[in-house]
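The structure appears below as structure tokens.
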Amino acid sequence: MLVLCMLLVVPQFQLSENFSHRQTNAQYAMDILDEFLKEYQTAQRDTQLSAVIRKEHKRQYEKQLLKAIYESNPNYEEAYCDDHEITCADSQFAEILFIGYLSEGGWDMRDKLHITELPKSSWDADHNRYDLAFEVGFAGGDLPTTVKTRLSEEWRQECSDDAIEKKIIGVPLRIDILCPPRKLRFNEIDTKLAWAGFDRYTGDVRNDSLIAYYDLRRLVHFESVMSMFQTLFVCIVLGLTATFFNKDSKELVLEPIERMIAKMHRIRDNPLVAMRLGDEEFHQQQIALKRDLEMQEVSLSTGYFSWWRKLRSRWGLEAKKKRKVQEPMETVILESTLIKLGGLLAVGFGVAGAEIIGQNLSGDAASVNAMVPGVKIEAIFGFCNIHHFSEATEILGDRIMIYVNQVAEVVHSLTDMFGGNANKNIGDAFLLVWKIATLPKDISGELEENPISREHRLRRMRMCDMSVVAFCFTISAINKSAILAEYRSHPGFLARFPNYRVQMGFGLHLGYAIEGAIGSEFKIDASYLSPNVNMASRLESACTQYGVHLLMSHFLLDQASGALRDACRQIDRVYVKGSKKPVGLYTCDFTVGVLHVQDLMSHIDHKTFTVRRKYEVRQIRELKKHRKWADDYEPHRELLEDPEIMPMREAFSKEFFQRFAMAFRNYIAGEWLVAREMLQLTKTMLITRDAGAKRARLLTDMPSATLLHFMGQHNYKAPADWDGCRSLTSK
């Protein structure tokens, strides 16, 4: 109502339409007068024209000049305006005060612009008789004798204007004002020049152009009065309506702000809770909606006005009211935006940045302090990389972002399901972290050198098992994903890689790291600094050399459960760059070709996959994650007994593992000739049948081939300084 009142009443205090009309009339009069002046000048220069024709042009110019003056006569008499049926100069809100020309031209017009052809006695009769004049119904008033004398004599009144850097010569049309720019304020006069007097390219004023000054004092005074009334009206309206805003401001502003502050306190205490605020808000909305529906059902069935409510419901009036109530308000949008921003902070910084978010939100300063001291932690670091990523970038172009995000969705979701956290996305690579514990500051040296509690040891073992299981299920999910399987038939990939499929390498390592912020005030990343992080990256890089999907260090497998260690195979013992101790390399063997592509989203109707359904899916997911921390949950059983993982391991028989273990022990002991015989056997003893294939095929064991290749470089004779460990050539 307040806005409607302002829209309807406030414009009544403004004179924009009248002022625009006055400007148009004055400008039009100057343009017409300029045209007649040009015709008169042309006739004067043309020596072939007769004197009669020249005088006629002069007479037409003088008539137009008088018409322009009488239309805005500054000397009008109020008696002419008593009759409401006529229009007088008073209604124009502007009177012409001065008319002249710019005298810096080549043609001297001083003795040529004054009125000489029309007798002064006929001026008032021809231009101020509203019943017979040039415009019926208009009365401009008579001109004083002094003004008539000035118009009939040569124009010699000089007038300077700071806005126009040229000399102006003309005739004043009001007795008490000889030069308006020097007498009146800037906003009290209006300068008019014919449009033809401007250069269309430079905007400069043409010499010999006519110029006129109009008096705007009555208009300025009237607008000032109207502005005062407008201000008074606004004050009264605002004063009357301010009392009605208290209740609405509390319900629509204060209470939402209090809720937002409460959410900010929760985010400050635990930044990761921001990722659950959206679900909690949706849950509360569902409870409120259910309560409203129950109350509506009760009110429709009982009460004195139940028949009226039923009638409104039948005609859809209640539905319209319901839709109106559900429209979001600005505070609701702001509150939801706060939840989204908090969630984005938690997703962007992750677990490693929780301390940064918490300390900055708890402080009173408005500035951001990202330089938070680091914390030493014990964690499992997983590094995975998309193979042939450079070629994929060239083939897919701008769709490479979709490709990477599709892979990241699989990797991140399974990492989160098994207790890990995604820390960093590096184009074609992902850093995953399973945080075990925050270490005291006084702990130094290697982890195994420090005593730990039984709870710490059990948590470490479970996290080791879950990290291995997570990567094994990730390998399976990537190879059976229907979305990623579409790239197998992409012409660009097939042209470069026959039988292409999305492939990744995975590396896992256990160790300590410093958790904190890396960067400056311009850009920071919450991450981990430690040689152990680089170790996971180097293990992933070595996957291609050994032809396996997953490589794990013995530091990780030694802390895992015995059942999980038995499911893995040690394939080498190497010195890795950046590590002084030898590292045992383990892998979990799979044949991904046996997997069938599964469209996991085929059973989902995207039209009915609403926000409520997404909320239910997230709740089910959280419930599954919570169950994995139960005392009776054994991660290795989920790996060894899963119906989709078991077919991937069928090709690796017990005999194969025994023969390879025997060959590996001889390799470590330096008995390379004996090891060669066994490795040549294990290299070719694997048989598998891919999904959809009619026949089985021979599968080469790449770790056996890698060891044979290394020993072949030394003619299958161990070096004299052989200590059962070699340098890893890949990084």
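The values are calculated or read from the model by the stated rules, or taken from the named source; none is laboratory data. Bear in mind that the values here come from a model prediction, so they are computed numbers and not experimental data. Note: ideal-geometry Cβ built from the backbone for every residue, glycine included; neighbour counts use all protein chains shown.
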Practice task
Report yes if some residue within the range 713-730 is surrounded by 13 or more Cβ atoms within 10 Å (Cβ to Cβ) and closer than 19 Å to CYS472 by Cα; otherwise report no.
Solution key: no
Problem - Test result for LEU550, in contact with a helix residue (DSSP H, G or I) (Cβ under 7 Å, 6 or more places away or on another chain) and of a type in the set (A, V, I, L, M) - result: yes
Practice task
Can you confirm whether the range 432-447 contains a residue that is among the hydrophobic types (A, V, I, L, M, F, W, C), over 30 Å from LYS580 (Cβ atoms) and in contact with a strand residue (DSSP E or B) (Cβ under 9 Å, 6 or more places away or on another chain)?
Solution key: no
Handout entry: Only one of ASP199, ASP215, ASP176 that is within 54 Å of the chain's Cα centre (by Cα), of a type outside the set (A, V, I, L, M, F, W, C) and at pLDDT 85 or above
Key = ASP215
Exercise for the section: Determine whether the range 640-658 contains at least one residue that is modelled with pLDDT of 85 or more, closer than 19 Å to GLY420 by Cβ, surrounded by 12 or more Cβ atoms within 10 Å (Cβ to Cβ) and not small (Gly, Ala, Ser). Expected result: yes
Handout entry: Tally, over the range 260-278, of residues that are at pLDDT 80 or above and either in contact with a helix residue (DSSP H, G or I) (Cβ under 7 Å, 6 or more places away or on another chain) or surrounded by 12 or more Cβ atoms within 10 Å (Cβ to Cβ) (or both)
Key = 1
Fill in the blank from the handout: Considering residues that are over 23 Å from ILE645 (Cβ atoms) and of a type outside the set (Asp, Glu), the number found within the range 555-588 is 13
Exercise for the section: Filter the range 476-532 down to residues that are at pLDDT 90 or above and basic (Lys, Arg) and give me whichever is nearest to ASP428 (Cα to Cα). Expected result: ARG501
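Given the criterion assigned by TED's automatic domain parsing to the domain that holds LEU66, of a type in the set (Gly, Ala, Ser) and in a strand (DSSP E or B), identify the matching residue among GLY141, GLY170.
Testing whether each residue is assigned by TED's automatic domain parsing to the domain that holds LEU66, of a type in the set (Gly, Ala, Ser) and in a strand (DSSP E or B) leaves just GLY170.
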Exercise for the section: Would you point out the residue of the range 63-117, among those that are among the β-branched types (Val, Ile, Thr) and surrounded by fewer than 21 Cβ atoms within 10 Å (Cβ to Cβ), that is modelled with the lowest pLDDT? Expected result: ILE86
Fill in the blank from the handout: Note on the range 489-510: residues under 34 Å from the mean Cα position of the chain (by Cα) and either farther than 22 Å from SER553 by Cβ or outside the structural domain of TYR528 (by TED's automatic domain parsing) (or both) are HIS490, GLY492, PHE493, VAL502
Practice task
Please specify each residue of the range 526-536 satisfying the condition of being in a strand (DSSP E or B) and within 15 Å of LEU432 (Cβ to Cβ).
Solution key: ALA526, SER527, TYR528
Handout entry: Count - residues of the range 407-416 that are touching a residue at least 24 places away in the same chain (Cβ under 8 Å) and surrounded by fewer than 17 Cβ atoms within 10 Å (Cβ to Cβ)
Key = 1
Practice task
Assess whether THR231 counts as being within 22 Å of LEU4 (Cβ to Cβ) and at pLDDT below 85.
Solution key: no
Fill in the blank from the handout: Going through the range 682-692 in order, the residues found to be free of Cβ contacts under 8 Å to residues at least 60 places away in the same chain and surrounded by fewer than 17 Cβ atoms within 10 Å (Cβ to Cβ) are THR684, ILE687
Practice task
Any residue in the range 329-340 that's part of a helix (DSSP H, G or I): show its pairings with residues that are surrounded by 14 or more Cβ atoms within 10 Å (Cβ to Cβ) at Cβ separation under 6 Å, as long as the two are six or more apart or on different chains.
Solution key: THR331/LEU252; THR331/PRO256; GLU335/PRO256; GLU335/MET260; LEU338/MET260; ILE339/LEU277; ILE339/GLY278
Practice task
Filter the range 382-413 for residues that are under 27 Å from the mean Cα position of the chain (by Cα) and on the phi > 0 side of the Ramachandran plot and give the result.
Solution key: GLY397
